[in-house]
């Protein structure tokens, strides 16, 4: 069995998203592969049209650009979890650049994910706000659709801003662990 794929999307090392990813990895009860998206060298889509008629190909693929590997890991994994802070009601720029590169699959209609589940742990600094996660969730849902993955309702955590806020909140950390346990029960049993 392939490992569970964890996409850690914060550009900041050692923050709440990295801690949340480590909690998922420790709780899920299966081998996991964690990739820090900001360290994969993903170049942003330039809308060059290269992918039109070339299933799954991109002119930016090559040495130093990790988009293809991230997509391969996600689409082959029995479960993928995107762990990300929310910046100004959306994903960090590095994660959004990676997601924009799904254009290669949309352009040709290729759906390599074969219905495998994907979800997210989203962390917002604001203590409340009904639309805080809407932009990030919508983008992740459309990425899942484009890749042929099945979107699973994410975990949303409010009020986590400073790097140690999740570690200092046993209630929030328990929610991450409970979420990971439920994912394991539903998709990995």
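The values are calculated or read from the model by the stated rules, or taken from the named source; none is laboratory data. The model shown is predicted, which means the values in this text are computed figures rather than measured ones. Counting neighbours? That spans all protein chains shown, and the Cβs are built from the backbone with ideal geometry, glycine included.
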> For segment 53-71, how many residues are in contact with a helix residue (DSSP H, G or I) (Cβ under 7 Å, 6 or more places away or on another chain) and more than 11 Å from residue 101 (Cα to Cα)?
Replying inline: 0
> Got at least one residue in segment 99-122 being surrounded by fewer than 16 Cβ atoms within 10 Å (Cβ to Cβ), out of contact with any helix residue (DSSP H, G or I) (no Cβ under 9 Å at 6 or more places or on another chain) and closer than 27 Å to residue 186 by Cα?
Replying inline: yes
>> So if I check each of 4, 42, which one is buried (at least 20 other Cβ atoms within 10 Å of the Cβ) and either closer than 22 Å to residue 173 by Cβ or modelled with pLDDT under 95 (or both)?
In response: 4
> Taking the condition surrounded by fewer than 18 Cβ atoms within 10 Å (Cβ to Cβ), out of contact with any strand residue (DSSP E or B) (no Cβ under 9 Å at 6 or more places or on another chain) and at pLDDT 95 or above, does residue 55 pass?
Replying inline: no
> Could you count how many residues in segment 144-161 are modelled with pLDDT of 95 or more, part of a loop (DSSP other than H, G, I, E, B) and under 21 Å from residue 128 (Cβ atoms)?
Replying inline: 5
>> Considering only residues that are more than 19 Å from residue 20 (Cα to Cα) and either touching a strand residue (DSSP E or B) at 6+ places or on another chain (Cβ under 8 Å) or in a helix (DSSP H, G or I) (or both), which ones fall in segment 87-101?
In response: 93, 96, 97, 98, 99, 100
> When you go through 116, 156, 141, 126 one by one, which is the residue that is within 23 Å of residue 18 (Cβ to Cβ), free of Cβ contacts under 8 Å to residues at least 60 places away in the same chain and touching a strand residue (DSSP E or B) at 6+ places or on another chain (Cβ under 9 Å)?
Replying inline: 156
